[in-house]
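Notes to accompany the following structure.
The values are calculated or read from the model by the stated rules, or taken from the named source; none is laboratory data. As the structure is a computational prediction, the values presented were derived from the model and not from experiment. Please note: Cβ atoms are built from the backbone with ideal geometry, for glycine as well, and neighbour counts cover all protein chains shown.
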Amino acid sequence: MTDTPEPSVRSTGELSQAAGRRIRSSWGEPLFIAGWHQVLMIHFEVDAVALQRMVPFPLELHEGRAFVSLVAFSMRCMRPYRGGKMSAWFFRPIATHDFLNVRTYVRCGSETGIHFLAEWLSSWLAAKLGPATFGLPYRHGRLELEHDWGSTIIRSRVTDKTDGGLLEYEGGPIGRKELEPCEIGSLEEWLMERYTAFNSAGRSRRYFRVWHPPWVQCTTSISVTEKSLLTGNWPWFQQARLVGANFSPGFDKVWMGRPHAV
């Protein structure tokens, strides 16, 4: 892993551009390409001490505060970056499904990124493959996501297929709001513009990179009406404070790199 300090003075899109250079600098990358569509991020401030006990990397704090974000979206047409129609056909069984990931913010060396506490997928096959290949904490769930840009309301329900834990939220409307990049130096940029994931599976620590254009997004109001999916896994979520939510239509082409040892 290359330790590349983040620049102190930036322009809009510079974090994305730097991520693109990093992923292209490694042999064999990008490995996959996919669409990430109808993306909703819901952000919580949480107790840093309780969170750090469950994270194998040092937390990155924003002005002394620790955050966890829920990110729900639909992945479409995942396939190898190279290989054409034949490789895309081979990946069809796991190419399209819905995600809910629960992530926090960490530092490894001089590089910052995200760490997934858990991820729920609507595809049982993809849920089996993620832990072995990328060290990702995948779980199988039933995901009913209603995030359409033109909707007058956001309404979603995620159920853990194993223990029945439930997450429900609703909000909106979003369809009449202007989409724009995150303001440079804002909390939204700090939470959203992330291009490296640091993961842990047993004693194995891995990271992988992604690239996409800068997020274009709008803030939206969200109410979490049921969160046993969260509190059943992380009791400290009972005291978590909802601080905001952002919606983005997403991207047709997101690059994903291969797993590396930390």
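Here's the yes/no breakdown for (1) in a loop (DSSP other than H, G, I, E, B); (2) of a type in the set (D, E, K, R); (3) in contact with a helix residue (DSSP H, G or I) (Cβ under 9 Å, 6 or more places away or on another chain):
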site: 155; (1), (2), (3): no, yes, no
site: 159; (1), (2), (3): no, no, yes
site: 167; (1), (2), (3): no, no, yes
site: 183; (1), (2), (3): yes, yes, yes
site: 190; (1), (2), (3): no, no, no
site: 198; (1), (2), (3): no, no, no
site: 206; (1), (2), (3): no, yes, yes
site: 246; (1), (2), (3): no, no, yes
site: 254; (1), (2), (3): no, no, no
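Take residue 26 and tell me if it is surrounded by fewer than 19 Cβ atoms within 10 Å (Cβ to Cβ) and either under 19 Å from residue 234 (Cα atoms) or touching a Pro at 6+ places or on another chain (Cβ under 8 Å) (or both).
no
I'd like to verify a number: residues in region 208-236 that are part of a loop (DSSP other than H, G, I, E, B) and either crowded, with 20+ Cβ neighbours inside 10 Å or within 17 Å of the chain's Cα centre (by Cα) (or both), how many? It would help to see each step written out before you state the result.
Step one: filter region 208-236 for residues part of a loop (DSSP other than H, G, I, E, B), giving 212-215, 220-221, 232-234.
Filter once more, so that each one left must be either crowded, with 20+ Cβ neighbours inside 10 Å or within 17 Å of the chain's Cα centre (by Cα) (or both): 212-215.
Qualifying residue count, region 208-236: 4.
State all residues of region 217-244 that are at pLDDT below 95 and aliphatic (A, V, I, L, M); if no residue qualifies, say none.
Of everything in region 217-244, just one residue is at pLDDT below 95 and aliphatic (A, V, I, L, M), namely 222.
Surrounded by 15 or more Cβ atoms within 10 Å (Cβ to Cβ) and of a type in the set (Phe, Trp, Tyr): does that describe residue 89?
Details: surrounded by 15 or more Cβ atoms within 10 Å (Cβ to Cβ): no; of a type in the set (Phe, Trp, Tyr): yes.
The answer is no for residue 89.
Taking interchain pairs and intrachain pairs at least six residues apart, which have beta carbon atoms under 7 angstrom, with the first residue in region 206-230 and polar (S, T, N, Q) and the second surrounded by fewer than 18 Cβ atoms within 10 Å (Cβ to Cβ) and not in a strand (DSSP E or B)?
If the second residue must be surrounded by fewer than 18 Cβ atoms within 10 Å (Cβ to Cβ) and not in a strand (DSSP E or B), the pairs left are 217/179.
When the residues of region 133-155 are filtered to those that are touching a residue at least 40 places away in the same chain (Cβ under 8 Å) and over 17 Å from the mean Cα position of the chain (by Cα), which remaining residue is surrounded by the most Cβ atoms within 10 Å (Cβ to Cβ)? I'd like the intermediate steps shown before the answer.
The first filter runs over region 133-155 and keeps only residues touching a residue at least 40 places away in the same chain (Cβ under 8 Å), leaving 133-137, 141, 143, 145, 147-149, 154.
From what is left, the residues that are over 17 Å from the mean Cα position of the chain (by Cα) are 133, 148-149, 154.
Numbers: 133: 13, 148: 15, 149: 15, 154: 24.
Ranking the candidates gives 154 first.
Determine whether region 183-200 contains at least one residue that is farther than 27 Å from residue 19 by Cα and surrounded by fewer than 16 Cβ atoms within 10 Å (Cβ to Cβ).
No, region 183-200 contains no residue that is farther than 27 Å from residue 19 by Cα and surrounded by fewer than 16 Cβ atoms within 10 Å (Cβ to Cβ).
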